[in-house]
1. Among the residues of segment 67-83, which ones are charged (D, E, K, R) and surrounded by 12 or more Cβ atoms within 10 Å (Cβ to Cβ)?
2. Please specify each residue of segment 21-42 satisfying the condition of being among the aliphatic types (A, V, I, L, M) and crowded, with 19+ Cβ neighbours inside 10 Å.
3. Are there any helices (runs of 4 or more DSSP H) wholly within the chain with 2 or more residues that are at pLDDT 95 or above, and if so which?
4. Quick one: T27 ticks every box in (1) in contact (Cβ under 8 Å) with a residue 24 or more places away in the chain; (2) more than 11 Å from F83 (Cα to Cα); (3) polar (S, T, N, Q) except a single one, so which number is it?
5. Can you tell me how many residues within segment 6-21 are closer than 9 Å to P86 by Cα and not small (G, A, S)?
Amino acid sequence: MILGCLSQKGRTGKSTIARLVAQQFLTVDGMTVHIADMDPAQGTSVKWAAKRRKAGLGDISCAAYKDVPSALEAGRNHRLLIFDGPRGRADSRHRLRL
Ligand SMILES: Nc1ncnc2c1ncn2[C@@H]1O[C@H](COP(=O)(O)OP(=O)(O)OP(=O)(O)O)[C@@H](O)[C@H]1O
Ligand SMILES: [Mg+2]
């Protein structure tokens, strides 16, 4: 299953929703989740996952990607792949076409 948290407008809650959904699905038996952070420069979800790990709150699989095919490849090993979309930019709808 793939979930895209995307918006051309910035600061609309993409990263917040991606993280909340990841945590919720991880409570389901047998579920594996990966967050694809599509804004490597900002790295909101990657930084959050690292903070959680450091605080002993559990490991949530998350990595940053520059392109969709790389993220899809990594997500093949997980039952749920969540895209945390990049900040609103004119080209984001093209870069994130699935
Ligand atoms: N820890 C926090 N405390 C208060 N407000 C926050 C916090 N984190 C995010 N926000 C606010 O919540 C809103 C949504 O933030 P979020 O990072 O989820 O948006 P986003 O769509 O991922 O942003 P971006 O387009 O920059 O990736 C923003 O207005 C942000 O300023
Ligand atoms: Mg974000």
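1. R79
2. Answer for segment 21-42, where residues must be among the aliphatic types (A, V, I, L, M) and crowded, with 19+ Cβ neighbours inside 10 Å: A22, V33, I35, A36, M38.
3. Qualifying helices (runs of 4 or more DSSP H): 14-25, 44-54, 68-75.
4. Among (1) in contact (Cβ under 8 Å) with a residue 24 or more places away in the chain; (2) more than 11 Å from F83 (Cα to Cα); (3) polar (S, T, N, Q), T27 violates only (1).
5. Residues flagged as closer than 9 Å to P86 by Cα and not small (G, A, S) within segment 6-21 amount to 3.
Residues checked against (1) among the basic types (K, R); (2) over 20 Å from R79 (Cβ atoms); (3) within 14 Å of ligand 2 (Cβ to nearest atom); (4) surrounded by fewer than 17 Cβ atoms within 10 Å (Cβ to Cβ):
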site: C5; (1), (2), (3), (4): no, no, yes, no
site: S15; (1), (2), (3), (4): no, yes, yes, no
site: T44; (1), (2), (3), (4): no, yes, yes, no
site: D59; (1), (2), (3), (4): no, no, no, yes
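The values are calculated or read from the model by the stated rules, or taken from the named source; none is laboratory data. Small disclaimer: the values here were computed from a predicted structure and weren't measured. All Cβ positions, glycine included, derive from the backbone under ideal geometry; neighbour counts span all protein chains shown.
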